[in-house]
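Colleague: Below you'll find the structure I mean.
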Amino acid sequence: MTKALTPLIAGNWKMNKTVPEARALAREIRQGLSPSRGVEVAVAPPYTALAAVADEIAGSPIKLAAQEVFWEKQGAYTGAISPLMLTDVGCHYVIIGHSERRQYFGETDETVNRKVKAALEAGLFPIVCVGETLEQREQGRTFAVVEKQIRQGLAALAPGQGERLVIAYEPVWAIGTGKTATPDQAQEVHKLIRGLLPEVAGAADLRILYGGSVTPDNAGELMGQPDINGALVGGASLKAASFLGIINAAG
Ligand code: PEP
């Protein structure tokens, strides 16, 4: 039970928003944020809009996140973005291992681990995503799948680095489907993850976010669970009103 942690609400805009659209959304969120609700807020626009959104949120408490990173520092890796490029543009967080990266772009626990280490080394704060598919849940393998993702994705970190991690539990069957895990279903997996973190990451008090069709209506109940410390929000982060509604429900 780790409720003393400041909740984090992070919006993953995925492959949405042109630069002018991203600027407008960032501005609306900034203007709508009530001061000092005790909730940390981050937005993850697409790469093309990172600089513009950094500009829009400058001087506000909103933190900038990237949706992905490559582990190499520089070189002939066409299309890739390095950790240094992300810190350079103002990113604080980087999402690593999202299920869409695993599903469509060949992300594995091994590549997650390389990216986590490179991001930490560059001073970024990784938001590491784990979660089971519907088939894995129906086969009763949820705990085994999540434990493997945590153990392999966070393997062999340097001492002290684990403290900078955020974990996001995102059941794949709940992402973008409108199906949310019940608070009990989410809590039992969050508790499992919490129990693994001291051994695997050398830190117990990390924020563990829930992700999967979070809305202003279900956020409060999810956030009321003892081991849920915020949310990673996809669809509902694309409109300021619903994203702000989730932030208010968390505070
Ligand atoms: C996500 O992709 O991280 C996510 C949780 O999406 P959604 O909120 O749309 O389910």
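The values are calculated or read from the model by the stated rules, or taken from the named source; none is laboratory data. Owing to the predicted nature of the structure, the values given are computational and were not obtained by experimental measurement. Neighbour counts are summed over all protein chains in view; Cβ atoms, including those assigned to glycine, are modelled from backbone coordinates with ideal geometry.
Colleague: What number goes with the only condition from (1) modelled with pLDDT under 95; (2) of a type in the set (Asp, Glu); (3) crowded, with 20+ Cβ neighbours inside 10 Å that residue 227 does not pass?
Modeller: It fails just one condition, (1).
Colleague: Which residues, counting only those in region 24-36, are surrounded by fewer than 18 Cβ atoms within 10 Å (Cβ to Cβ), at pLDDT 95 or above and either basic (Lys, Arg) or closer than 15 Å to residue 8 by Cα (or both)?
Modeller: Once the filter is applied, which keeps residues that are surrounded by fewer than 18 Cβ atoms within 10 Å (Cβ to Cβ), at pLDDT 95 or above and either basic (Lys, Arg) or closer than 15 Å to residue 8 by Cα (or both), region 24-36 yields only 27.
Colleague: Does at least one position in region 37-53 carry a residue that is modelled with pLDDT under 95 and away from the ligand (no atom under 16 Å from the Cβ)?
Modeller: yes
Colleague: Same structure, new question: Output the residues belonging to region 170-226 that are free of Cβ contacts under 8 Å to residues at least 24 places away in the same chain and among the polar types (S, T, N, Q).
Modeller: The answer is 182, 185.
Colleague: Find the helices (runs of 4 or more DSSP H) located wholly in region 95-167 whose residues include 2 or more that are more than 18 Å from the chain's Cα centre (by Cα) and more than 16 Å from the ligand (Cβ to nearest atom), and list them.
Modeller: 109-121, 134-138, 142-153
Colleague: Also: Which pairs have Cβ atoms under 6 Å, sit 6 or more apart or on different chains, and link a residue in region 85-100 that is under 16 Å from residue 211 (Cα atoms) to one that is of a type in the set (S, T, N, Q) and within 16 Å of the ligand (Cβ to nearest atom)?
Modeller: Taking only residues 6 or more apart or on different chains, the pairs are 95/67.
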